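What follows is a single structure, written as structure tokens, with notes after it.
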Amino acid sequence: MRTRPVLYRRLTWPEVARLAAADPVCLIPVATLEDHGHHLPIDADLRIVEEICRRAAEEAGDDVVLLPAIPHGYSPHHMDFPGPITIGWDTFTRYLVDVGTSLYRHGFRRLLYLNGHGSNQNLVEMAARLVTVDHPEMVSAAAFYLSSPEAARAIEETRESERGGLAHACELETSIYLAIDPDGVDMSKAVDERNLNETEHAWFDWTDGSLKVMPWWSSFSVTGVHGDATKATAEKGMKLLDAAVDECVSYVRELRSMKLPARREPRETPKRKDPA
């Protein structure tokens, strides 16, 4: 009997075959374990993106199958703090590609990696592209949660901190964790810590500056925090969590509606549109 959400790990192999024929989107949460200050557990990125994907899969129903999360990512710059587990960039990328390739072999043709850790993002995007290069008829995509224009508006309507207040173990992540598991957060240890070496174009927030600089985390944060965790509330967290779920559902439905791509022979003129 089909459950909702549809959990890949709970299917038998005949059920996997039947599900692949129905052409759902494979939704894969991706994160890491790393320091998140003194007030949050090291599973913050993982817990948040798993919850977003679980709720989105419940809402999207038969359009999606939810895969187990990939818990370890790319965090070498956090290794001065106890707790992080970091995977080499090439191993991590290839791992993601191998997951996508396995799903392709079983008949799935639509894939979304939803990422919850900033330093994973370029690698997650590369993995999605490599899956498509290897399997041109597959729609493979990657996204970071709360990164769409609609999500940006929700963030601006919710946040109290100024630029720099949303980056890591911050107002946003702490608020969402409070909404998911308030007993897992110790707000008495929440702090406001920022990188004092930021410049006009190099700065950290939920959307970083255009000049990308990533030094060792301990060079600008002694607590592991970047942002203002003191402004976090569960009420903000619920608003942001709802926005992240809506965003993920919209991604799933867009991917579900896309025509599967097909490579064509190059030609001198574009193909004429079919007559209406």
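Summary table below
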item	result
Every residue from the range 136-177 that is touching a residue at least 24 places away in the same chain (Cβ under 8 Å), of a type outside the set (Lys, Arg), surrounded by fewer than 18 Cβ atoms within 10 Å (Cβ to Cβ) and outside any helix (DSSP H, G or I)	Pro136, Glu137, Ser147, Glu160
Within the range 170-196, tally of residues that are over 16 Å from Ala234 (Cβ atoms) and at pLDDT 95 or above	4
Residue match in the range 45-55 (condition: over 30 Å from Ser219 (Cβ atoms), buried (at least 16 other Cβ atoms within 10 Å of the Cβ) and basic (Lys, Arg))	yes
Subset tally (residues that are under 19 Å from Val252 (Cα atoms), of a type in the set (Ser, Thr, Tyr) and either in a helix (DSSP H, G or I) or in contact with a Gly (Cβ under 7 Å, 6 or more places away or on another chain) (or both)) for the range 102-130	1
Matching residues, the range 110-131, being more than 17 Å from Ala57 (Cβ to Cβ), in contact with a Ser or Thr (Cβ under 9 Å, 6 or more places away or on another chain) and in contact (Cβ under 8 Å) with a residue 40 or more places away in the chain	His117, Ser119, Asn120, Leu123, Val124
Selection within the range 202-218 - open to solvent by 80 Å² or more (accessible area, probe 1.4 Å), among the hydroxyl-bearing types (Ser, Thr, Tyr) and either modelled with pLDDT of 95 or more or outside any loop (DSSP other than H, G, I, E, B) (or both)	Ser210
Failed criterion for Thr223 (all others in (1) over 21 Å from the mean Cα position of the chain (by Cα); (2) surrounded by fewer than 17 Cβ atoms within 10 Å (Cβ to Cβ); (3) not acidic (Asp, Glu) hold)	(2)
Any hit, the range 30-43, residues being within 30 Å of His226 (Cα to Cα), part of a loop (DSSP other than H, G, I, E, B), open to solvent by less than 10 Å² (accessible area, probe 1.4 Å) and among the β-branched types (Val, Ile, Thr)	yes
Extreme residue, nearest to Ala152 (Cα to Cα), among residues of the range 230-242 that are among the aliphatic types (A, V, I, L, M) and crowded, with 22+ Cβ neighbours inside 10 Å	Leu240
Scope the range 243-266; condition surrounded by fewer than 17 Cβ atoms within 10 Å (Cβ to Cβ) and either among the small types (Gly, Ala, Ser) or assigned to a loop (DSSP other than H, G, I, E, B) (or both); matching residues	Ser250, Ser257, Met258, Lys259, Leu260, Pro261, Ala262, Arg263, Arg264, Glu265, Pro266
Single residue of Val99, Val133 found to be in a helix (DSSP H, G or I), modelled with pLDDT of 95 or more, out of contact with any Asp or Glu (no Cβ under 7 Å at 6 or more places or on another chain) and open to solvent by less than 50 Å² (accessible area, probe 1.4 Å)	Val99
Hits in the range 10-29 - residues which are under 27 Å from Trp89 (Cβ atoms) and open to solvent by 50 Å² or more (accessible area, probe 1.4 Å)	none
From the options Ile87, Ile155, residue that is closer than 16 Å to Ala69 by Cβ and at pLDDT 95 or above	Ile87
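The values are calculated or read from the model by the stated rules, or taken from the named source; none is laboratory data. Predicted model, so just to flag it, every value in this text is computed and none were measured. All Cβ positions, glycine included, derive from the backbone under ideal geometry; neighbour counts span all protein chains shown. When the accessible area is computed, the model is the full protein with side chains, heavy atoms only, and any ligands, DNA or RNA have been set aside. Shrake-Rupley method; radii C 1.70, N 1.55, O 1.52, S 1.80 Å.
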